[in-house]
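Accompanying notes for the structure given below.
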Amino acid sequence: MARVVVIGGGFGGMASAARLAKRGHEVTLLERLPQLGGALAFVESEGFAWDAGPTSTLLPAVVRDLFRKSGRPLERELELVPREIVREHHFADGSTVALPGGSRAAQIDAVDRLGSGLGEQWAAYVGAFADDWDMLRRNYFERPWRPDVTDPAVVKRIHTRESVAKRLKRSFKDERLRLLAAHPFSFEGHDPRDVPAWAGVISYLEQNFGAWTVPGGMGLLAEAMAGRLATRKVDVRTQTAVSDIVVREGRAVAVATDAGEIDADHVVCAVDPRQIPALAEHVRRTLPAIPPVVCHLGLTGDDLPEIPTEAVFHGDPTLVVRAGVRAPDGGRAVTILGRGLLSEDIVIALARRGLNLRNHIEVRLDRSPRAQVEHWRSSPMGVLWQGRSTLRDRLGTRTPIPGVYAAGAHATPGAGLPYVGLSGALVAQEIGDR
């Protein structure tokens, strides 16, 4: 039985720990904060509640596989349901589109409302990712990425010089469709000119598998995972700060904490590796993707405006409005996120876009990008795309230090719940059974 120490109690760390414990390893999970979950958590105040991070996930099979491979099926723990509309998009010219998930035909109909023939253009763009998805699934998402032993043709495709921006320029003349496709990257802080074109497969995943959520908030997923760790007898130590990975004779042998060293045969880093001196040198060329401005609102009063599940107001700044998790009777919870030139209060900026919430605010919690990074000591958006060199510069599943593996938003295959969940499966593959 190998001793495995997992650094970080976010979704990537919990997924790694649960899978490795089921494989028979003795697993200890270390988390600096008082609770597990990382950005997959609730923010609560005066009877209102909001998701701190993601409000939905793609690829529900990733979550189902995690629960199945670590014990009881997901359906016995919590409900995962599809969202009919992935998100609404509001453009500067006043046009809008509510983009449905899980249906090519429904997306064609929705996008056609922007202009005749645009739906087919959109479908052609999305459909072109079918081959990318098949290639990525087999070589990048479902098995550890090792370019030295992978088919050179696959390596060449993944290290493409074509960017998302180039593909969008070639695919669409209508700027609104470019904004529609680029939103998942630009809102996470990436410049589409620096993101490899195949990353646009996210539009294919939305169309073919849809976006899924947990009734009652995605924070319930973290709570269910915490329960799974207890079932698997993972030694969870919260409020435990890690100072470094101890390396002797070229191999990791322990993790140094504020409470002393913990011996390990394997170490899984599921936090930003910049926090770990032994790994920081290996990621010096990378930068974090800075999170957006976040404003959680608790609304009360008569004639409350309808709050969409998720709506994007394109422009500078770009604003995203998301429905919250819970509110007192007659109230509503809502989160506003802002990216770009915020030269005025974010609530006023939203009012200028046509959604005025100012007279209904009972509770307000603001989180600047800096405050978020200081709280989590990293960015939940993971590593900033800086061109194809990012694939080489960020950590893969195996790190340059023998015995150390990487999971979470700052490792391959990247940020976002489905990819972070897959990173835990890749770590379990590499370490194997006891």
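Every number here is computed from the coordinates shown, using simple stated rules; none is lab data. The shown structure was predicted, so the numbers you read here are calculated from the model rather than taken from an experiment. Please note: Cβ atoms are built from the backbone with ideal geometry, for glycine as well, and neighbour counts cover all protein chains shown.
In percent, how large is the relative contact order of the chain, given Cα pairs closer than 8 Å and 6 or more residues apart? Can you show the working numbers first?
Working: 936 pairs, mean separation 109.7, N = 434.
The value is 25 percent.
Computed over the Cα atoms of the range 293-374, pair by distinct pair, the Kirkwood hydrodynamic radius stands at 12.9 angstrom. Against the main long axis of the alpha-carbon atoms of the chain, helix 219-231 sits at an angle near 20°. D for the range 373-424, whole µm²/s, Stokes-Einstein with Kirkwood Rh over alpha-carbon pairs at 4 °C and 1.567 mPa s: what number? The diffusion coefficient I find is 113 µm²/s.
Helix 417-431 versus the longest principal axis of the chain: what is the Cα-based angle in degrees, 0 to 90, to the nearest 10? Between helix and principal axis, roughly 20 degrees. Once the Cα atoms of helix 11-22 and of the chain are each reduced to a long axis, what angle between those two axes, in degrees from 0 to 90 to the nearest 10, is obtained? For helix 11-22, the angle is close to 40 degrees.
Shown for the range 102-204 is the translational diffusion coefficient from the Stokes-Einstein equation, using the Kirkwood radius over Cα pairs, a temperature of 37 °C and a viscosity of 0.692 mPa s: 225 µm²/s.
Which of rounded, prolate or oblate describes the range 161-318 when judged by the alpha-carbon gyration tensor and an a/c cut-off of 1.5? Oblate is the answer for the range 161-318, as a/c is 1.5 or above yet b/c matches or exceeds a/b. The alpha carbon centroids of the range 358-374 and the range 36-51 are separated by 13 Å. Taking the centroid of alpha carbons for each part, the range 122-186 and the range 281-332 are 27 Å apart. Summarising the strand pairing of the chain, around 70 percent of its internal DSSP beta bridges are antiparallel. Between ALA128 and HIS159, the distance separating the two model label sites (each 7 Å from Cα on the Cα→Cβ line) works out to 2.4 nm.
Kirkwood hydrodynamic radius of the range 325-421 from all distinct Cα pairs, in Å? Don't skip to the answer; put the middle values down first.
Working: mean 1/r = 0.0592 Å⁻¹.
Computed over the range 325-421, the radius equals 16.9 Å.
Could you give the dipole magnitude of the range 293-374 about its Cα centre, charging the beta-carbon of Lys and Arg +1 and that of Asp and Glu -1, in debye to the nearest 20?
On the way: 10 positive and 11 negative charges, 47 e Å.
My answer is approximately 220 debye.
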